[in-house]
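Below you'll find the structure, written out as structure tokens, and then a few comments.
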Amino acid sequence: LLRRLRGLVFEDESILGAPGAKATGEEEEGSSELSGPDLLKREAIYLVACLTTLMSYKECLAIALQEGALDVILALLRSEDKMLVHDALRMLGALLSHRKFALVFLEANGLEQLMPLPHMAYYGNAVALCLSSLATFRGVLEKLCRLQHPNPSQLLEFALKLLEHKDDVASSNIMQFVARVVAY
């Protein structure tokens, strides 16, 4: 699944564009078939959904690292399709539940790509999950607090801005993140 998703993302960049729509809003009657980029984008969304479930299992970590899951996720975060970005963030949250992947994410400057995402009101819940997962492990938290960019105060400011979106689950995750960072 991950190999196929990687192929879609890096070989056919049309899936990273905005969702396709008819210019006139009209469709031929009885024609509900997807074609070309729309079909590939739909496949990518389904692959990400399946992988999100699988990647929380420790047995999948080696495959995720070997097949370049981080590169795929970081590429998906640049997509114009909000649903694809949201699902990629959920997949990232599942992978960040593994200490090794969290360290790889920080070494790849993943936070620098996570923080400037637009539409934070839409992505806030998934980003909050990612932050909470990063603060779960002591070694990862130590590395997180020693980053030059974003430094801990910038990271806390970013986390507190996520609270403005008034999502209960996101708020819970953010408060857990803040408590762990401040306690450290």
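The values are calculated or read from the model by the stated rules, or taken from the named source; none is laboratory data. Values in this document were obtained by computation on a predicted structure and should not be read as measured data. Heads up, the Cβs are rebuilt from the backbone with ideal geometry, glycines too, and the neighbour counts pull from every protein chain shown. Only protein heavy atoms, including side chains, enter the accessible area calculation; ligands, DNA and RNA are left aside. Shrake-Rupley method; radii C 1.70, N 1.55, O 1.52, S 1.80 Å.
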Extreme residue, surrounded by the fewest Cβ atoms within 10 Å (Cβ to Cβ), among residues of the range 129-146 that are assigned to a loop (DSSP other than H, G, I, E, B) and in contact with a helix residue (DSSP H, G or I) (Cβ under 7 Å, 6 or more places away or on another chain): Phe137
The range 50-72: number of residues that are free of Cβ contacts under 8 Å to residues at least 24 places away in the same chain and part of a helix (DSSP H, G or I): 4
Of all residues making up the range 151-172, the number that are assigned to a loop (DSSP other than H, G, I, E, B) and either within 19 Å of the chain's Cα centre (by Cα) or of a type in the set (Lys, Arg) (or both): 2
Qualifying helices (runs of 4 or more DSSP H) (wholly inside the range 80-128; at least 1 residues being open to solvent by less than 20 Å² (accessible area, probe 1.4 Å) and at pLDDT below 95): 82-95, 110-114
Total residues in the range 33-61, condition open to solvent by 10 Å² or more (accessible area, probe 1.4 Å), under 14 Å from Leu1 (Cα atoms) and among the aliphatic types (A, V, I, L, M): 6
Near pairs, Cβ below 9 angstrom, 6+ apart or cross-chain, from the range 156-180 (loosely packed, with under 15 Cβ neighbours inside 10 Å) to any residue that is of a type outside the set (Phe, Trp, Tyr) and outside any helix (DSSP H, G or I): Glu157/Pro150; Ala179/Ala135
